Amino acid sequence: MVEFKSQYELIQHTRESLFRFCETLSRSDYVKEVETFGGVSIRSLHAHVADCYRVWLGNRALGKSLSIINPESVDNVQEMREVFKKTDALVYEFLNEFKNKWDPTIQASWQSGSSELTELWLFTHTITHEFHHRGQIVKMGRQLGYIPPKMNLAKP
């Protein structure tokens, strides 16, 4: 559905502002584990967001066998941008595959069992999940002494 592709483009533009903010961080702060956030780093949250897309859209919806991203394998923000280029390709593959099939449910493994989920739910879950962690990343940056710019949804 063309609307979902347009929506995802807004998400990509908005993600760009977060990447630009992260590029102002020192590498050591990008990978620093922040105790007030359970010992995770900004880098590990970025990898976790990409993994959400990979697991829900790639593995569960498209039936792929994509491995989890090891955050330590991503050395800096530029490498994380490359991870998200692959993520973008996966999202567009998902959107193309299900462009006319948003209502049917699929069986998806969930915790110790399975659940019937629609493709619309899967897409909505992944994008809202990204924005949840975006807020955490900005908050972590503040705690590390950085002043982020306004982080609103990008305008079309």
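Just so it is clear, none of the values below were taken in a lab; they were calculated from the coordinates. The shown structure was predicted, so the numbers you read here are calculated from the model rather than taken from an experiment. All Cβ positions, glycine included, derive from the backbone under ideal geometry; neighbour counts span all protein chains shown.
For the range 14-75, the equivalent ellipsoid derived from the alpha-carbon gyration tensor has semi-axes of 24, 14, 10 Å in decreasing order.
In the range 1-40, which GluC sites (Glu not before Pro) fall in coil by DSSP and have 13 or fewer other Cβ atoms within 10 Å? Each step should come with its number before you reach the end.
On the way: sites: E3, E9, E16, E23, E33, E35; in loops: E23, E33.
Counting only loop positions with at most 13 other Cβ atoms within 10 Å, the GluC sites (Glu not before Pro) in the range 1-40 are E23, E33.
Toward the positive end of the charge dipole of the chain, with +1 on the Cβ of Lys and Arg and -1 on the Cβ of Asp and Glu, the farthest Cα among F131, F84, A154 is that of A154.
Relative contact order of the chain: 31 percent, from C-alpha pairs under 8 Å at least 6 residues apart in sequence. Checked against a 32 Å cut-off, the cross-linked pairs K32/K85; K99/K155; K5/K32 give Cα-Cα distances beyond that limit for K5/K32. Answer rounded, prolate or oblate for the range 2-143, using the Cα gyration tensor with square roots of eigenvalues a ≥ b ≥ c: rounded when a/c is under 1.5, else prolate when a/b is larger than b/c, else oblate. Prolate, since a/c reaches 1.5 and a/b exceeds b/c.
Projecting the Cα atoms of G38, F21, G63 onto the charge dipole of the range 1-68 (Cβ charges, centred on the Cα centre) puts G63 farthest toward the positive pole. Taking 7 Å steps out from each Cα toward its Cβ at A89 and E16 produces label points 2.0 nm apart. Only helical runs count toward this figure. For the chain, summing -39,500 (n - 2.57) over DSSP H runs of n ≥ 4 and dividing by all residues gives -18000 deg cm²/dmol at 222 nm.
For the listed peptides 121-131, 52-62, 69-79, a ranking on the average number of other beta carbons within 10 Å per residue, highest first, reads 52-62, 121-131, 69-79.
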